[in-house]
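Structure record follows, encoded as structure tokens.
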Amino acid sequence: MVLADLGRRINAAVHDLTRSNVVDEKAFDSMIKEIGNALVEADVNVKLVAGLRKSIRSTVNFKDLGPGVNKKRIIQKAVFDELCRLVDSHSEPYKPKKGKPNVIMFVGLQGSGKTTTCTKLARWYNARGFKACLVCADTFRAGAFDQLKQNATKAKVPYYGSYTETDPVKVAKAGVDKFKKERFEIIIVDTSGRHRQETELFAEMVQIQEAVRPDQTIMVLDASIGQQAEAQSKAFKESADFGAIVITKTDGNAAGGGAISAVAATKTPIVFIGTGEHILDMEKFEPQRYISKLLGMGDMQGLVEHVQSLKLDQKDTMKHIAEGIFTVRDLRDQLNNIMKMGPLSKMAGMIPGLSNLMGDVGDEEGSMKLKRMMYIMDSMTTKELDSDGKMFVQQPERMTRVARGSGTSVREVEDVLTQHKMMAQMAKKMKGGMKAMQQGGMGRGAPNPQQLAAMQKRMQAMGAGAPGPGGMDMASMMRALGGAGGAGGMDMNKMMSQMASMFGGGGPRR
Ligand SMILES: Nc1nc2c(ncn2[C@@H]2O[C@H](COP(=O)(O)OP(=O)(O)OP(=O)(O)O)[C@@H](O)[C@H]2O)c(=O)[nH]1
């Protein structure tokens with residue numbers, strides 16, 4: 001059972017109960033039991049599960065509920081709140097400060113995903129305006145430096161390491177000193193892992209800690225170890241003190257729930273979770289966001305942050321749409337942006353209701369389709385790209401030329417032009433609204449209540465469904481978007497419709 005299945009099972013249990021006409025104590029008990037079973041199967045510790053069941057039961061307390069109260073709402077909220085509490089460590093991690101060197105040291109067993117996570121974190125800070133770099137202090141494993149070098153180069157992050165020095169303490173110290181002198185703000189030290197928790201490994205970690213005096217030591221844990229995470233983190237904590245944890249490989253891994261809850265129970269903050277092998281596959285861990293995503297309620301705030309961190313260029317298209325124009329080049333720029341965002345399935349998970357809309361179109365098929373559309377537009381002339389597409393109808397031989405040049409078929413070129421036409425019509429309709437939003441500062445500030453209401457209506461029409469537990473309805477999600485406008489905010493609605501219709505999801509249900 002992968003994590004998404006766990007979410008679906010919990011959701012189904014809650015919905016079965018709240019959908020039925022009689023919400024009595026018996027039905028309530030069987031819902032709690034089903035949630036408990038699903039969590040135990042996802043390797044959450046039975047004691048924690050027993051605690052959660054007890055808390056839900058006492059929060060709802062059937063006997064005290066009067067006839068007028070909305071039982072369904074209270075039950076949904078109790079389940080959401082208790083799930084959040086299960087994964088919340090209630091502790092604050094270190095917050096790096098700008099304008100000074102912040103040394104972050106990574107520890108963890110070999111293969112846990114340390115090197116990958118170090119690079120993801122450096123990129124994450126870089127995208128947020130910090131000057132970040134990497135130091136490879138793993139002299140134990142041959143090839144470790146090469147791997148870090150390769151990752152760092154791909155992520156465009158400066159790095160330090162040595163092929164000749166065999167003492168990891170010396171390499172770590174030299175790297176940190178060098179980058180401190182060069183005024184780097186985030187200096188990430190990757191250490192050796194090895195297979196088991198051997199004494200030499202712990203001794204080495206302590207020595208590196210003493211030499212580089214990290215502001216934060218982060219331990220990396222593989223989600224697949226489930227509730228074993230508690231024992232493993234204890235063993236590490238006894239040797240080298242660490243302040244926070246990153247849990248990797250939570251993608252497609254049911255035991256992730258077990259690992260997260262086990263760590264939360266030790267009151268160690270989980271700062272990030274790894275959600276894939278790609279450099280962008282890392283999410284800041286926040287209990288409420290994690291649970292709402294797990295339950296299929298989306299993570300709009302996460303999506304906005306993700307989109308913003310990509311620094312997508314939307315200026316020209318936004319300006320065009322405000323004027324009611326949408327050129328073929330605009331379509332190409334938008335597709336380019338979508339391709340930068342990572343796997344489509346992941347994006348869909350962040351948007352409430354979109355996973356259903358996309359249907360069974362896989363990532364591979366979706367991205368292949370995107371690529372072919374890009375080849376087609378790359379084979380067009382500047383004049384064609386900047387046009388409204390009508391010249392292709394007037395001179396169909398242009399379509400034949402583009403198909404030949406891009407190695408695709410005339411039919412596919414027609415499809416791109418149909419897609420473009422649809423979006424150009426949409427842009428025409430949006431003309432007034434976009435102008436008002438731009439004038440009203442939508443691109444900079446939070447949406448006003450009328451804009452929120454309109455956006456909420458559209459989102460619900462797209463299949464976002466009824467408000468979920470915990471009061472996380474569409475309005476509050478939209479409010480969470482406050483201040484996020486521009487590329488991340490308003491554009492998401494458009495992007496959803498684009499994606500859904502392009503990948504055969506049948507288009508938004510309006
Ligand atoms: N699916 C998935 N794979 C991941 C994630 N994080 C890391 N990996 C993969 O896990 C494997 C091991 O990652 P590394 O970063 O090399 O692990 P390490 O802990 O640095 O290992 P050593 O350098 O040998 O100590 C690689 O194939 C990564 O691509 C994640 O969040 N999801």
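Once the Cα-Cα distance is subtracted from the 0.36 nm per residue extended length, the residue 128 to residue 378 segment shows a gain of 86.8 nm.
Taking each of 33/267; 98/149; 319/429; 114/284 in turn, the alpha-carbon distance tops 18 angstrom for 33/267; 98/149. Seen from all directions on average, segment 84-183 presents a Cα convex hull projection of 7.7 nm². Label-to-label distance for residue 163 and residue 62 is 7.1 nm, based on points extended 7 Å past Cα in the beta-carbon direction. Between residue 146 and residue 200, what FRET efficiency follows from the Cβ-Cβ distance if R0 is 30 Å, with the result rounded to 0.05? Step by step, r from the Cβ atoms, then E = 0.85.
The stretch between residue 418 and residue 92, if pulled fully straight at 0.36 nm per residue, gains 112.2 nm over its current Cα-Cα span. Every Cα-Cα pair in segment 1-100 was counted, and those over 17 Å apart are 55% of them.
Extension gain, residue 27 to residue 278: 0.36 nm times the residue separation minus the Cα-Cα distance gives 86.0 nm.
If you average 1/r over every pair of different alpha-carbon atoms in segment 81-142 and take one over that average, what Kirkwood value in Å do you get? 14.3 Å is the Kirkwood radius here.
Working ranking of peptides 243-251, 379-387, 83-91 by packing, defined as the average number of other Cβ atoms within 10 Å per residue, highest first, is 243-251, 83-91, 379-387.
Any read-out appearing in this document is the output of simple, stated calculations on the displayed coordinates, not a laboratory observation. The shown structure was predicted, so the numbers you read here are calculated from the model rather than taken from an experiment. Here the Cβ is made from the backbone with ideal geometry for all residues, glycine too, and neighbour counts use every protein chain on show.
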